[in-house]
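**Q** First the structure, then my questions, so here it is.
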Amino acid sequence: SSFTASRILTLERLVSQLFLDPAMPYGVLAAVPNRNEVAVHIIKDDTAIPTIVNLATFARLRSSSAPGPLSPHVYWVTPDRFEQVGGLDDEGRFQILYSPEFRDTMDGMLAATRKGPKEPPRASGPM
């Protein structure tokens with residue numbers, strides 16, 4: 001459809017259609033290279049870092065080779081935010097654009113995932 005890319009504007013609905021677990025406590029990384037494609041990665045752990053690079057490569061290639069080009073950049077999207085966070089420059093070099101809010105979000109996510117899941121309480125006394 002010529003309107004596929006606009007689905008990013010209804011983020012919660014798009015994520016619930018694409019993922020079994022639509023929780024997005026830190027938002028998503030998204031690329032909207034042309035009118036027919038949108039790529040989304042839910043930020044949940046440290047896989048978000050290499051995903052920015054992969055999405056930037058995808059967005060640059062697809063925005064220059066498909067009809068209806070939109071953007072060669074990567075965005076951090078939440079229900080109330082749509083912010084550019086990365087992309088490739090004209091020479092193909094990757095760059096991350098960290099706003100203070102994005103940096104705080106990523107730092108918080110990394111700190112939370114490093115703690116790991118809590119172990120269940122151990123039973124005490126005789127069994």
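**Q** What is the Rg over Rh value, at two decimals, for the chain, using alpha-carbon atoms and the Kirkwood definition of Rh?
**A** On the way: Rg = 17.6 Å, Rh = 15.8 Å.
That ratio is 1.11, to two decimals.
**Q** Go through the stretch 82-95 residue by residue and turn each phi into a ³J(HN,Hα) via Karplus (6.51, -1.76, 1.60, θ = phi - 60°); whole Hz please, and just put x for glycine and proline.
**A** 9, 10, 5, 10, x, x, 10, 7, 4, 9, x, 7, 7, 9
**Q** Tell me, what is the percent relative contact order of the stretch 1-109, built from C-alpha pairs under 8 Å that lie six or more residues apart?
**A** Values: 195 pairs, mean separation 25.5, N = 109.
Normalised by residue count, the contact order of the stretch 1-109 is 23 percent.
**Q** Can I ask one more? Summing +1 for each Lys or Arg and -1 for each Asp or Glu, what net charge is found among the other residues whose Cβ lies under 13 Å from the Cβ of Asp80?
**A** Numbers: positive: Arg81; negative: Glu12, Glu83, Glu101.
With Lys, Arg at +1 and Asp, Glu at -1, the net is -2.
**Q** So what is the calculated 222 nm ellipticity per residue for the chain, using -39500 (n - 2.57) for each DSSP H run with n of 4 or more, over all residues, to the nearest 500 deg cm²/dmol?
**A** Values: 3 runs with 42 residues, N = 127.
My calculation for the chain gives -10500 deg cm²/dmol from helical runs alone.
**Q** Still on this model: Which cross-chain or sequence-distant (5 or more) residues have an amide H under 5 Å from the amide H of Glu37, H modelled 1.01 Å from N in plane?
**A** Long-range HN contacts for Glu37: Ala5.
**Q** Roughly what would the spin-label model give for Ser2 and Ala23, points 7 Å off Cα along C-beta, in nm?
**A** Output for this residue pair reads 4.1 nm.
**Q** Which value in nm describes the separation of the simple spin-label points at Phe58 and Ser99, placed 7 Å from the Cα toward the beta carbon?
**A** So the two model labels end up 2.2 nm from each other.
**Q** Can you tell me the 0 to 90 degree angle between the C-alpha axis of helix 48-65 and the longest principal axis of the chain, rounded to 10?
**A** Roughly 20 degrees, rounded to the nearest 10.
**Q** Could you give the angle, 0 to 90 degrees to the nearest 10, between helix 100-115's Cα long axis and the longest principal axis of the Cα atoms of the chain?
**A** Value to nearest ten degrees: 40.
**Q** Follow-up question, since we're still on this one. Please give the peptides 106-112, 91-97 ranked by average Cβ packing (other Cβ atoms within 10 Å per residue), highest first, as a rough proxy for protection. Provide the component values of the computation, followed by the final result.
**A** Working: 106-112: 13.7, 91-97: 11.0.
Ranking the peptides 106-112, 91-97 by packing returns 106-112, 91-97.
Read the figures in this text as sums done on the coordinates, not as results from a lab. Predicted model, so just to flag it, every value in this text is computed and none were measured. We place every Cβ from the backbone using ideal geometry, glycine too, and count neighbours over all the protein chains shown.
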